[in-house]
1. Residues of segment 77-129 being at pLDDT 80 or above and charged (D, E, K, R), which ones?
2. Which of (1) touching a residue at least 24 places away in the same chain (Cβ under 8 Å); (2) closer than 25 Å to SER99 by Cα; (3) outside any helix (DSSP H, G or I); (4) not acidic (Asp, Glu) does ALA185 not meet, given it meets every other one?
3. Sort out which residues of segment 153-179 are open to solvent by 70 Å² or more (accessible area, probe 1.4 Å), among the hydrophobic types (A, V, I, L, M, F, W, C) and modelled with pLDDT under 80, and write them in order of number.
4. Can you report the number of residues in segment 1-58 which are in contact with a helix residue (DSSP H, G or I) (Cβ under 7 Å, 6 or more places away or on another chain) and not in a helix (DSSP H, G or I)?
5. Could you tell me which numbered condition PHE150 fails, if it satisfies all but one of (1) in contact with a Gly (Cβ under 8 Å, 6 or more places away or on another chain); (2) over 13 Å from LEU114 (Cβ atoms)?
6. Could you list all residues from segment 43-73 that are open to solvent by 70 Å² or more (accessible area, probe 1.4 Å), modelled with pLDDT of 90 or more and touching a Phe, Trp or Tyr at 6+ places or on another chain (Cβ under 7 Å)?
7. Hey, can you tell me all the residues within segment 31-41 that are within 31 Å of the chain's Cα centre (by Cα) and either β-branched (Val, Ile, Thr) or under 13 Å from VAL58 (Cα atoms) (or both)?
Amino acid sequence: MKTTLTRGLMNVLPMALSLWLFWSLFVSLDELGVLLLKLVGLPKLFVGEGFLLVIALVFSAGLLFSVSPIQWIWGKIERALMRFPLFKSVYGSIRDIASLMNRDGKPKDQQVVLVKQANGGYVVGFIMTDKAPEPVSLALGEGDWVPVLFQLSYQMAGVTTLVKREDLIKVDWSFEEAMRFNLTAGLSKS
């Protein structure tokens, strides 16, 4: 009975949590859209109209940001707000994560690598950028150092370590599959 219950839980729980997460996102965006409609004095006509409004607004913003004057004005606003240290840290982090998700059709250049550990084992990592920042390179001196991200299992956190390129073993493995492998502590089926 215990294995049957576990089997049922392992199959139903991921689907139920995923559906709940997407439903919660839909409801939240719908409520935001309905609030916007109420602010301009329009009545609610059907379920989901708020969600459709938010999607339409995001799409419109995407169209606006393809126009040079809007990009210029946004850049000025962004630079002004980035003068505040706390805002710069929070906004910069969120913007960087968002840019990782959207590459506008460009191939992801994160290379999957293995790094040998002192005990003879290997750790799966990702070269996130081709060069270390200049101040770091100057401090380390000679060698071709690159930032390698070691993703921690079951969380979005990771550790970035500087590793000499010659100490890396490149792996022909997609970024998504390797990330899934790391995030699930090797339990991923792909």
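1. GLU78, ARG79, ARG83, LYS88, ARG95, LYS116
2. Failed condition: (2).
3. MET156
4. Selection size over segment 1-58: 2.
5. (2)
6. Scanning segment 43-73 gives no hits.
7. LEU32, GLY33, VAL34
The values are calculated or read from the model by the stated rules, or taken from the named source; none is laboratory data. Just so it is clear, the model here is predicted, and its values are computed rather than measured. Heads up, the Cβs are rebuilt from the backbone with ideal geometry, glycines too, and the neighbour counts pull from every protein chain shown. Accessible surface is based on the protein model in full, side chains and every heavy atom, while ligands, DNA and RNA are left aside. Shrake-Rupley method; radii C 1.70, N 1.55, O 1.52, S 1.80 Å.
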